[in-house]
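Here is the structure we will look at.
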Amino acid sequence: MTDSQSWPMDIPSLPLLSEKGAYSQGLSYSPSDIRQIQTYALYRGIETIIEFDMPGHTTSIGLAYPELIAANNAQPWNNYCAEPPCGSLQLNNPAVSTFLEKLFSDVLPRVQPYSSYFHTGGDEVNKNTYLLDPTVKSNSKEVLQPLIQKFVDRNHEQLRKAGLTPIVWEEMLLEWDLKLGEDVIVQSWLSDDSVAAITKKGYQALAGNYNFWVCIHIYPCSIPGGTVKTDRNSILTAALANGSTSTTATPSIHTIHSMTTVPL
């Protein structure tokens with residue numbers, strides 16, 4: 001639902017989020033819009049699962065609440081985030097917990113009647129961001145890991161109280177070594193090996209290798225003999241050979257999982 005570039009969901013108790021964070025007026029989902037999408041989906045056997053990615057990919061929150069964000073629009077961006085503009089929720093600021101409590105208290109009761117799950121994100125957290133976090137000032141995993149653990153625990157406790165099962169991206173388990181609840185579902189995206197690693201640790205995995213999605217839907221990656229190229233360099237080489245002028249990295253997973261508006 002949200003990302004670094006835009007906060008496109010109206011939150012009645014926090015109206016500045018979409019007023020300042022959406023691309024422009026009218027380009028946000030009202031509570032009525034969300035309810036209509038959820039209802040439309042359910043009548044067709046589809047469960048709509050909303051993601052608020054965090055602590056990374058949260059720069060758009062800083063347009064309304066800059067005091068909550070570390071490395072807000074930091075430069076050069078590739079030192080501090082996977083995609084610009086950079087910015088992550090501060091990890092040791094009590095005001096962030098207060099903000100999240102209010103945010104989820106508004107949203108979760110409107111999600112629970114239509115879904116059993118809520119995605120709290122957790123991908124592509126850049127350690128260097130927290131060198132610029134005034135509440136942390138460190139990029140050491142030994143310092144950051146317990147803070148991220150506390151952050152995720154807080155969010156998941158509130159989800160469970162609302163009757164929802166948490167989903168996180170694979171980095172929370174495989175990179176940050178968080179201890180997650182047995183109910184948490186871990187979504188993989190970096191490789192098929194991630195699925196094996198997740199299940200080996202005893203968690204349910206949601207599989208979605210982004211290399212295959214990119215190959216099938218973005219670039220014509222097949223080669224003679226029916227072999228499909230799925231590694232990053234081969235995909236880009238195949239794309240350029242087939243006329244693409246782009247030399248940038250493959251699209252972020254958030255392109256894949258962004259919400260598509262459906263006719264109501």
Looking only at region 98-135, how many residues end up being part of a helix (DSSP H, G or I) and among the charged types (D, E, K, R)? 5
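Would a scan of region 118-129 turn up a residue that is at pLDDT 95 or above, over 14 Å from the mean Cα position of the chain (by Cα) and of a type in the set (Phe, Trp, Tyr)?
Going residue by residue through region 118-129, those that are at pLDDT 95 or above are 118-129.
If we keep only those that are over 14 Å from the mean Cα position of the chain (by Cα) as well, we get 127-129.
Add one more test, that the residue is of a type in the set (Phe, Trp, Tyr), and what stays is none.
Checked region 118-129: no residue is at pLDDT 95 or above, over 14 Å from the mean Cα position of the chain (by Cα) and of a type in the set (Phe, Trp, Tyr).
If you take the residues of region 74-97 that are part of a loop (DSSP other than H, G, I, E, B) and over 18 Å from the mean Cα position of the chain (by Cα), which of them is nearest to residue 8 (Cα to Cα)? First the steps, then the outcome.
If we filter region 74-97 for residues that are part of a loop (DSSP other than H, G, I, E, B), which is where we start, we get 74-76, 80-87, 90-93.
Of the ones still in play, those that are also over 18 Å from the mean Cα position of the chain (by Cα) are 74-76, 92-93.
Details: 74: 22, 75: 25, 76: 26, 92: 26, 93: 25 Å.
Result: 74.
Going residue by residue through region 44-59, is there one that turns out to be free of Cβ contacts under 8 Å to residues at least 60 places away in the same chain, outside any loop (DSSP other than H, G, I, E, B), in the same structural domain as residue 116 (by TED's automatic domain parsing) and under 16 Å from the mean Cα position of the chain (by Cα)?
Keep residues of region 44-59 that are free of Cβ contacts under 8 Å to residues at least 60 places away in the same chain, which gives 44-46, 58-59.
Filter again for outside any loop (DSSP other than H, G, I, E, B), leaving 59.
Narrowing further to those that are in the same structural domain as residue 116 (by TED's automatic domain parsing): 59.
If we keep only those that are under 16 Å from the mean Cα position of the chain (by Cα) as well, we get 59.
Within region 44-59, one or more residues are free of Cβ contacts under 8 Å to residues at least 60 places away in the same chain, outside any loop (DSSP other than H, G, I, E, B), in the same structural domain as residue 116 (by TED's automatic domain parsing) and under 16 Å from the mean Cα position of the chain (by Cα).
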Quick check on my filter: what residues within region 39-62 are touching a strand residue (DSSP E or B) at 6+ places or on another chain (Cβ under 8 Å) and of a type in the set (Val, Ile, Thr)? 49, 50, 58, 59, 61
Contact list, first residue from region 90-109 and surrounded by fewer than 20 Cβ atoms within 10 Å (Cβ to Cβ), second anywhere and small (Gly, Ala, Ser), beta-carbon distance below 6 Å, six or more apart or interchain, is 102/13; 106/13; 108/162
Residue check, residue 136 against (1) in contact (Cβ under 8 Å) with a residue 40 or more places away in the chain; (2) surrounded by fewer than 19 Cβ atoms within 10 Å (Cβ to Cβ); (3) in contact with a Leu (Cβ under 6 Å, 6 or more places away or on another chain), all met but one. Which one? (2)
Counting just the residues of region 35-89 that are among the aromatic types (Phe, Trp, Tyr) and closer than 30 Å to residue 114 by Cβ, which one comes out surrounded by the fewest Cβ atoms within 10 Å (Cβ to Cβ)? 43
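For region 181-215, enumerate the residues that are among the aliphatic types (A, V, I, L, M) and part of a strand (DSSP E or B). Quick ask: steps written out before the conclusion?
Step one: of region 181-215, the residues among the aliphatic types (A, V, I, L, M) are 184-186, 190, 195-198, 205-207, 214.
Within region 181-215, 185, 186, 205, 206 qualify.
May I ask you to verify whether residue 32 is small (Gly, Ala, Ser) and either within 20 Å of residue 139 (Cα to Cα) or not in a helix (DSSP H, G or I) (or both)? It would help to see each step written out before you state the result.
Numbers: small (Gly, Ala, Ser): yes; either within 20 Å of residue 139 (Cα to Cα) or not in a helix (DSSP H, G or I) (or both): no.
No.
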Go through region 60-73 residue by residue and tally those that are among the polar types (S, T, N, Q) and not in a helix (DSSP H, G or I). 2
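In this structure, does residue 138 turn out to be assigned by TED's automatic domain parsing to the domain that holds residue 165, among the small types (Gly, Ala, Ser) and either more than 20 Å from the chain's Cα centre (by Cα) or not in a loop (DSSP other than H, G, I, E, B) (or both)?
Details: assigned by TED's automatic domain parsing to the domain that holds residue 165: yes; among the small types (Gly, Ala, Ser): yes; either more than 20 Å from the chain's Cα centre (by Cα) or not in a loop (DSSP other than H, G, I, E, B) (or both): yes.
So residue 138 passes the test.
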What number of residues within region 1-20 are over 16 Å from residue 100 (Cα atoms), not basic (Lys, Arg) and not in a loop (DSSP other than H, G, I, E, B)? 1
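The values are calculated or read from the model by the stated rules, or taken from the named source; none is laboratory data. Model, not experiment: these values are computed from the prediction. Cβ: placed from backbone, ideal geometry, glycine included. Neighbour counts: every protein chain shown.
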